[in-house]
Amino acid sequence: MSTLSLDPHPAPERRDFMPLHGIDHIELWVGNAAQAAYYLRHAFGFTEVAYAGLETGRRDRVSHVLQQGRIRLVLTGALVDGTEIGDHQRRHGDGVKVVALSVPSADAAYREAVARGATGLRAPYELRDGDGVVRMAEIAAYGETVHTFVERGDYGGRFLPGFAAVAHDGDASQPRLLAGIDHVVANVELGAMERWVTFYEEVFGMTELIHFSDEAISTEYSALMSKVVTNGDGRVKFPINEPAEGARKSQIDEYLEFYGGPGVQHIAVSTRDIVATVEALAARGVSFLRTPESYYEDVPARVGEIDQSLEDLRRLGILVDRDDEGYLLQIFTKPLGDRPTLFLEIIERHGARGFGEGNFKALFEAIEREQALRGNL
Ligand code: FE2
């Protein structure tokens, strides 16, 4: 049975020492930024808005900045041998390097974070061009993932100083499918979840939102533990997974093996019409995890009345879950790159604040079928 409890540790006098405007951008370090950008533009409907590389005076790396709704993704690749990007890519494959947080003051954020136990990687610094100034700083997160603090002030450029504005023919007519980043999920090693929950509580003043027991989301073969931390206004939500003992290798273990350590497992992006979005993405070649037919048999009894047609959900493999405050629809893509690591989730919320815990068992069974096909179960 699911053991769901909202806000188990209310902190009425919590002082917001770490105000966050939200997620500024997510940067992926990849083996081929040009082709990754092409894929995300053409398959997912992103628009390229900014670029930095040889043409803008950068000699060691190239970055394509993609935008859709409030989502901003940066795809960065190495131009020459011997860079930290190439080294990172060799060890991890394509993956998320930076989860950048928009803050009112990079200096204050860095000072508070380090004072509260975070490892500082880069003290506050300034980037400047003709469009203004952006102040940034960097701290370590799980694995080799980092959090960058971005203080934009009234910066007027397309992304950051040093990036050139870009526009591709055809991008303007892209359908608007995806609206924002709903949550970003970390996979960490067995026994490390609690430490990272504490990290986000102490360094960011976040609170634990929901706790799933591993009993709630175990399947025949594998299990995981998951806790969710969120900031004061709920704009930033970070679920953190760790593997739990199962009869076979869990999907978290598979991730840790192929990513070579902890990292971002998935980025959940919101949409206002998941049926139309999934239809469009599938038509553009995006592969989603399949959902067993049997999953839909008990959906009416489990979730009650919803606006969408059950037939549409079944046809597209969209999952549905309900909690006390409403319901949500979600679906997961297959891994974006070669390794069974990073994937995307598409989510449409109708009041529900959960993460689809009622779907976990059905979802994991679907994931494990894929894992078995790869010979990793
Ligand atoms: Fe998720």
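The values are calculated or read from the model by the stated rules, or taken from the named source; none is laboratory data. Keep in mind it's a predicted model, so treat the numbers as computed, not measured. When we count neighbours, we look across all protein chains shown, and the Cβ atoms used for this are built from the backbone with ideal geometry, even at glycine. Only protein heavy atoms, including side chains, enter the accessible area calculation; ligands, DNA and RNA are left aside. Shrake-Rupley method; radii C 1.70, N 1.55, O 1.52, S 1.80 Å.
Share of pairwise Cα-Cα distances greater than 24 Å in region 180-374 is 37 percent (whole percent).
Taking the Cα centre of region 297-377 as origin, sum charge times position over the Cβ atoms of Lys and Arg (+1) and Asp and Glu (-1), and report the length of that vector in debye to the nearest 20. Write out the running numbers ahead of the final one.
Working: 11 positive and 17 negative charges, 83 e Å.
Result for region 297-377 is approximately 400 debye, rounded to the nearest 20.
Within the accessible area of the chain, the carbon and sulfur atoms contribute 48%, probe 1.4 Å, all protein chains present.
Ignoring ligands, DNA and RNA, how do Ser173, Ser270, Ser226 rank by accessible area with a 1.4 Å probe, largest first?
Numbers: Ser173 95, Ser270 25, Ser226 5 Å².
If we order Ser173, Ser270, Ser226 from most to least accessible, we get Ser173, Ser270, Ser226.
Given Tyr255, Val197, Asn241, which one lies farthest toward the positive end of the charge dipole of the chain, if we put +1 on the Cβ of every Lys and Arg and -1 on the Cβ of every Asp and Glu? Among Tyr255, Val197, Asn241, the one farthest towards the positive end of the dipole of the chain is Tyr255.
Which FRET efficiency, nearest 0.05, do Ala172 and Arg302 yield, Cβ-Cβ r, R0 45 Å? Write down the numbers at each step before the final one.
On the way: r = 42 Å, r/R0 = 0.92.
Working from the Cβ atoms, E equals 0.60.
Suppose every K and R has +1 on its Cβ and every D and E has -1 on its Cβ; what is the size of the dipole of the chain about the Cα centre, in Debye to the nearest 20? So the dipole magnitude of the chain works out to roughly 840 debye. Principal axis extents of the C-alpha atoms in the chain (largest first, rounded to whole Å): 59, 50, 39.
Consider a paramagnetic label point 7 Å from the Cα of Glu279 along Cα→Cβ; state which residues of region 300-338 have an amide N under 20 Å from it. Of the residues in region 300-338, 306-320, 329-333 have backbone N under 20 Å from the label point off Glu279.
Please give the per residue accessible area of region 180-374, computed with a probe of 1.4 Å over protein heavy atoms only, in Å². Intermediate values should be presented prior to the final figure.
On the way: 7360 Å² over 195 residues.
Result: 38 Å² per residue.
Sorting 133-140, 55-62 by their mean Cβ neighbour count within 10 Å, with the most densely packed peptide first, gives 133-140, 55-62.
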